[in-house]
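First up is the structure itself, then whatever we jot down about it.
The values are calculated or read from the model by the stated rules, or taken from the named source; none is laboratory data. Keep in mind the model is a prediction, meaning the values are calculated, not measured. Ideal geometry is used to build each Cβ from the backbone, glycine not excepted, and the neighbour counts take in all protein chains shown.
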Amino acid sequence: MPVVLEHLGKRFGDGAPVLDDVNASIAKGEFVALLGASGCGKSTLLNILAGLEQPTSGALEVPADGAAFMFQDSALFPWLTARGNIELALQLADKNAGRRSSKAERSARSTELLELVHLGGAGDKRPHELSGGMRQRVALARSLAQDRQLLLMDEPFAALDAITRDLLHDELERIWKETGRTIVFVTHNVREAVRLGQRVLLLSSRPGRVVAEWDVTEEHRTDAGSAGELTATITRRLREEIRRHAN
Amino acid sequence: MPTEQDVLTVTEPSEHITSPALKGNPEDLRDLEAGLDKLQSDVQRKAGIDWSRVLLPIAALVVLILVWQFYVSLGLKRRDLVPGPLDVLGQMGVLWSEGKVQESVWTSLQRGLFGFLISVVIATPVGLLLAQAAPLRRAFGPLISGLQVLPSVAWVPAAIIWFGLTDATVYFVVFMGAIPSIINGLISGVDQIPPQYRSVGKVLGANRLQMALQIVLPAALPGYIGGLKQGWAFSWRSLMAAEIIATGGSIGFGLGSLLDQGRLLSDMATVMTAILLILAVGILIELLVFGPVEKRLLQRRGLLAGGTR
């Protein structure tokens, strides 16, 4: 089990807890969609998994080498080219692992990664010259460059148009199958969760807690009817969860 | 067991709810993706020389000189108090043939640039350190800001007492002008870094030094360049002030000295010549050094679109 959360809680200062008694375990190579309404602490949970924030209570087990992270906006460094961004990640990852890598090696690996996200020809472009979808693909390549088993994704496709998003879903699925990464994918979009996840975890709001989970089977992936049913069920549950806060 | 590909071909794509008609043949998808990439990325534009950048400043200069000449030819003031453009040009020619123009420009420029470069070397690590370490910044930040506001000419008397009439005096005053300004520019550049860059750096596993050199410094570069520009302006101004006040001894003959000499001889044409030379050096450094560097920097980051640069 690369990721285990036990009674995990988080509060900022004296405020109400953002996360409370979160329990979950994620297996190696699994693709988990973490679903919740806006402001339910999804991102906080992801930040804790990434080590960017510390939990205030409970226990947390994550891979010792940390996690790769993909943000909602690509967060590419504007002073580097697409290739430069990936090579920086490679360089830092190698230094941390105590490896020494030559510039040529890194260049070869960044070429491979760019090919993997179908951006072989755009390596020398700067982030501002790329479209939103292309930037997210570079960001994906950069997070793969970190070479960590666990990949955390914080609504990475939320700001993209529908056509690009559908494409990136296919692309992410392909890359997940090719690389065997463990992926935790945060989203507030039920269809996206069902489309991508093998398992969907629903996080309640204020405090955030895992209140329900569904397995997405092969049948859901191939049969439109059962996929629609599952989407409807999850949507109902999510709305129920949000309505609780109405009064 | 059928692979996913097999299943996909028997299912009508339009029946997919979770992933619409798109999910299909991988080749089609790649073409679609390539099409989107083409449509959505910028077309490269290569511009030739933009003549308005060259001609407009020259036109502005010509207009100013004509206005000056017109005013002088009205004869409202004595010619030795307000010399015309031609008088100044003539005086500049005389000073040139005496070698004074070359000597003073060279001396001042050399000191200015050397003093500025040393200031950069000192101020950059100090600025990074202050920007990255909160206690240090809280302790020394106000002092640095105060030093930036303090006119560096105020250090001239102290410098003369400590170092006498030597080049050390001039450099000391330049340092006191430039260093605080560069430090503050760097700090404000660092303050404007989107916090996400640091998060990315942390996720990528950068340690403190790598964070400072590979993420914070390049991210802060636009603000840093602004600080350098201001630092250069402070060096150049401080240098002129120091040269005007401290003359003689082993201090060489700079533009400030030329200016002071003109004042002593009540020679307005020499004074105007010196002022114009000081101005010209400032303009040239901006046009040849800071302008191109800044433009390139902003262009590469996509920050120039819509600007008036």
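Some notes on this structure:
- A count restricted to segment A:4-21 and to residues that are within 18 Å of residue A:212 (Cα to Cα) and touching a Pro at 6+ places or on another chain (Cβ under 9 Å) stands at 7.
- Single match in B:22, B:32, B:39 (criterion: of a type in the set (A, V, I, L, M, F, W, C), outside any helix (DSSP H, G or I) and modelled with pLDDT under 85): B:22
- The set of residues in segment A:110-139 that are of a type in the set (Lys, Arg) and either part of a helix (DSSP H, G or I) or more than 8 Å from chain B (Cβ to nearest Cβ) (or both) comprises A:135, A:137.
- Among the residues making up segment B:205-225, those that are small (Gly, Ala, Ser) and part of a helix (DSSP H, G or I) are B:212, B:219, B:223.
- Exactly one residue among A:183, A:175 is assigned by TED's automatic domain parsing to the domain that holds residue A:34, under 27 Å from residue A:57 (Cα atoms) and at pLDDT 80 or above, and that residue is A:183.
- Number of the condition not met by residue A:39 [criteria: (1) more than 21 Å from residue A:183 (Cα to Cα); (2) touching a Ser or Thr at 6+ places or on another chain (Cβ under 7 Å); (3) in a strand (DSSP E or B)]: (3)
- The condition (being farther than 22 Å from residue A:124 by Cβ, touching a Phe, Trp or Tyr at 6+ places or on another chain (Cβ under 8 Å) and not acidic (Asp, Glu)) is satisfied by just one residue among A:75, A:50: A:50.
- The residue that is nearest to residue B:233 (Cα to Cα), counting only those in segment B:89-123 that are loosely packed, with under 14 Cβ neighbours inside 10 Å and under 26 Å from the mean Cα position of the chain (by Cα), is B:117.
- Selection from segment B:245-260 of residues that are more than 14 Å from residue B:112 (Cβ to Cβ) and part of a helix (DSSP H, G or I): B:245, B:258, B:259, B:260
Okay, residues lined up against (1) farther than 30 Å from residue A:88 by Cβ; (2) more than 14 Å from chain A (Cβ to nearest Cβ); (3) at pLDDT 90 or above:
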{"residue": "B:151", "(1), (2), (3)": "yes, yes, no"}
{"residue": "B:162", "(1), (2), (3)": "yes, yes, yes"}
{"residue": "B:168", "(1), (2), (3)": "yes, yes, no"}
{"residue": "B:182", "(1), (2), (3)": "no, yes, yes"}
{"residue": "B:195", "(1), (2), (3)": "no, no, no"}
{"residue": "B:198", "(1), (2), (3)": "no, no, no"}
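- Look at (1) in a loop (DSSP other than H, G, I, E, B); (2) away from chain B (no Cβ under 13 Å) and you find that residue A:157 fails only one, number (2).
- Top-ranked residue of segment A:49-77 - restricted to ones that are within 13 Å of chain B (Cβ to nearest Cβ) and outside any loop (DSSP other than H, G, I, E, B), ranked as nearest to residue B:303 (Cα to Cα): A:70
- Sole residue being away from every other protein chain (no Cβ under 14 Å), in contact with a Ser or Thr (Cβ under 7 Å, 6 or more places away or on another chain) and buried (at least 19 other Cβ atoms within 10 Å of the Cβ), chosen from A:22, A:18: A:18
- Any hit, segment A:171-182, residues being buried (at least 23 other Cβ atoms within 10 Å of the Cβ) and part of a helix (DSSP H, G or I): yes
- Some residue of segment B:39-51 being over 26 Å from the mean Cα position of the chain (by Cα) and over 24 Å from residue B:296 (Cα atoms): yes
- Taken across segment A:186-194, residues that are assigned to a strand (DSSP E or B) and of a type in the set (S, T, N, Q) do occur, with at least one present.
- Among (1) within 28 Å of residue B:245 (Cβ to Cβ); (2) touching a helix residue (DSSP H, G or I) at 6+ places or on another chain (Cβ under 8 Å) - the single one residue B:136 does not satisfy: (1)
- Condition check for residue B:273: assigned to a helix (DSSP H, G or I), closer than 30 Å to residue B:99 by Cα and more than 14 Å from chain A (Cβ to nearest Cβ): yes
- Filter result for residue A:93 (touching a residue at least 60 places away in the same chain (Cβ under 8 Å) and closer than 19 Å to residue A:147 by Cα): no
- Any hit, segment B:117-128, residues being at pLDDT below 90 and under 25 Å from residue B:226 (Cβ atoms): yes
- As a summary of the residue check, residue A:100 satisfies the conditions (1) in a helix (DSSP H, G or I); (2) without any contact (Cβ under 8 Å) to a residue 12 or more places away in the chain; (3) more than 9 Å from chain B (Cβ to nearest Cβ) except for the one numbered (1).
- Residue pairs meeting the criteria (Cβ under 7 Å; at least 6 apart or on separate chains; first among the aromatic types (Phe, Trp, Tyr), in segment B:125-143; second surrounded by 14 or more Cβ atoms within 10 Å (Cβ to Cβ) and part of a helix (DSSP H, G or I)): B:140/B:130
- Top-ranked residue of segment B:132-159 - restricted to ones that are among the small types (Gly, Ala, Ser) and over 22 Å from residue B:216 (Cβ atoms), ranked as surrounded by the most Cβ atoms within 10 Å (Cβ to Cβ): B:152
- Out of B:279, B:228, one residue alone is assigned to a helix (DSSP H, G or I), modelled with pLDDT of 90 or more and in contact with a helix residue (DSSP H, G or I) (Cβ under 8 Å, 6 or more places away or on another chain). It is B:228.
- Residue that is modelled with the lowest pLDDT [pool: residues in segment A:206-234 that are within 12 Å of chain B (Cβ to nearest Cβ) and in contact with a Lys or Arg (Cβ under 9 Å, 6 or more places away or on another chain)]: A:221
- Condition check for residue A:152 on (1) surrounded by 20 or more Cβ atoms within 10 Å (Cβ to Cβ); (2) assigned to a helix (DSSP H, G or I); (3) facing another protein chain (nearest Cβ under 10 Å): one failure, at (2).
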